[in-house]
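What follows is calculated from the coordinates using simple rules that are stated; it is not laboratory data. Keep in mind it's a predicted model, so treat the numbers as computed, not measured. All Cβ positions, glycine included, derive from the backbone under ideal geometry; neighbour counts span all protein chains shown.
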Amino acid sequence: MQPPTTIALYGALNALYNIFLASRVSNSRMREKVSVGMGTSRPLEIASRTHGNNAEYLPLALVLLLIAELMGGHSAALHALGGGFLVARVLHAIGMPRKAPNFFRFTGTAVTWTVIAGTAVWLLVLRFTT
């Protein structure tokens, strides 16, 4: 069995992106002088929720992609799903500070959910056809 190199790529890229989002929260905390919670800072709240939202979806997406790769899922599909997930998370972050509804946040959310649901369905297909 081959090692899961495709998911290693997207796991690493998403981990670095998540650290980037976390650093935005830390920088906002220092700038706004808020140690715990949000205080009354809207920029801190946005940075915190952007990071939190990413951290909420990231583990599930990566676990599903890892299982798909371990079950022999095709590399091109894994790249499409993994790359789509990362792009979706960036779009979502771009949209977070903008007035809702907006294209970036909507598209980021829709693609995130589509990648997770699509990977889950793909896993069921792999499970019952291999």
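Just need the relative contact order of the stretch 38-130 here, percent rounded to a whole number, with Cα pairs under 8 Å and 6+ apart. Before the final figure, lay out each step's value.
Working: 71 pairs, mean separation 28.4, N = 93.
That works out to 31 percent.
Of all alpha-carbon pairs in the chain, indicate the percentage at a distance above 19 angstrom.
Cα-Cα pairs in the chain separated by more than 19 Å: 52 percent.
Residues of the stretch 1-35 with amide nitrogen under 16 Å from the 7 Å Cα-to-Cβ point of T114?
Counting only backbone N, you get no residues.
Compare L58, L16, L66 in a GNM of the chain, Cα atoms joined below 10 Å, and give the one with the largest fluctuation.
Result: L16 has the largest fluctuation of those listed.
Using Cα pairs closer than 8 Å and at least 6 residues apart in sequence, work out the relative contact order for the stretch 24-92, in percent.
About 25 percent, as a whole number.
Any chance you could give the angle, 0 to 90 degrees and rounded to 10, that helix 42-70 forms with the longest Cα principal axis of the chain?
For 42-70 against the chain, the angle is about 10 degrees.
Between the helical axis of 75-95 and the dominant principal axis of the chain, each derived from Cα atoms, what acute angle in degrees is found, rounded to the nearest 10?
Computed tilt is about 10 degrees.
I'd like the distance separating the alpha-carbon centroids of the stretch 5-45 and the stretch 61-130, in whole Å.
Here the answer is 21 Å between Cα centres.
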